[in-house]
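Please treat every number below as a calculation from the coordinates, not as lab data. All values derive from a computational prediction rather than experimental measurement. All Cβ positions, glycine included, derive from the backbone under ideal geometry; neighbour counts span all protein chains shown.
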Amino acid sequence: MKDEENIYQYFERIDTIVNVVRGLGQNVLDDEIVDKVLRTLPMVYNPKASTLEEQEDIDKLTLDELYGILIAYELRIGREKHCKEETTFKVLKKTEDQK
């Protein structure tokens, strides 16, 4: 996954590659793709990838389910980052009474 890509863009690229490979007659299973996607995610996704890899039924996880999980995680990361940025720039003013 490239640094400037989001999950949607990355999965679009993955879908294109998988469709080309399948079009050439190669049988690629979803669990193989899920495994490769989890290994190629940037470090920011490591907590989520580790959690998913520790699940007993990771072999049953489809590419669509992984996409939904990672989109939700990306939104959560983005929301937390946005909140931290907002609080960083808040300035507390002391009134004359508080000095």
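Do you know the Lys pair count in the range 7-88 for C-alpha distances under 17 Å, with sequence separation 8 or more or different chains? Kindly include the intermediate steps, with their values, before the conclusion.
Numbers: 36/48; 36/60; 48/60; 48/81.
Step by step, the pairs that qualify in the range 7-88 add up to 4.
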Inset, instruction - Place a +1 charge on the Cβ of each Lys and Arg in the range 1-70 and a -1 charge on the Cβ of each Asp and Glu, then give the dipole magnitude about the Cα centre in debye, rounded to the nearest 20. - result: 280 debye
Legend entry - Qualifying trypsin sites (Lys or Arg not before Pro) in the range 1-68, DSSP loop, other Cβ atoms within 10 Å at most 13: 2
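Give me the number: length gained by fully extending residue 51 to residue 5, i.e. 0.36 nm times residue separation minus the C-alpha to C-alpha distance, one decimal in nm.
Values: separation 46, 0.36 × 46 = 16.56 nm, distance 2.21 nm.
The residue 51-residue 5 span can extend by a further 14.3 nm.
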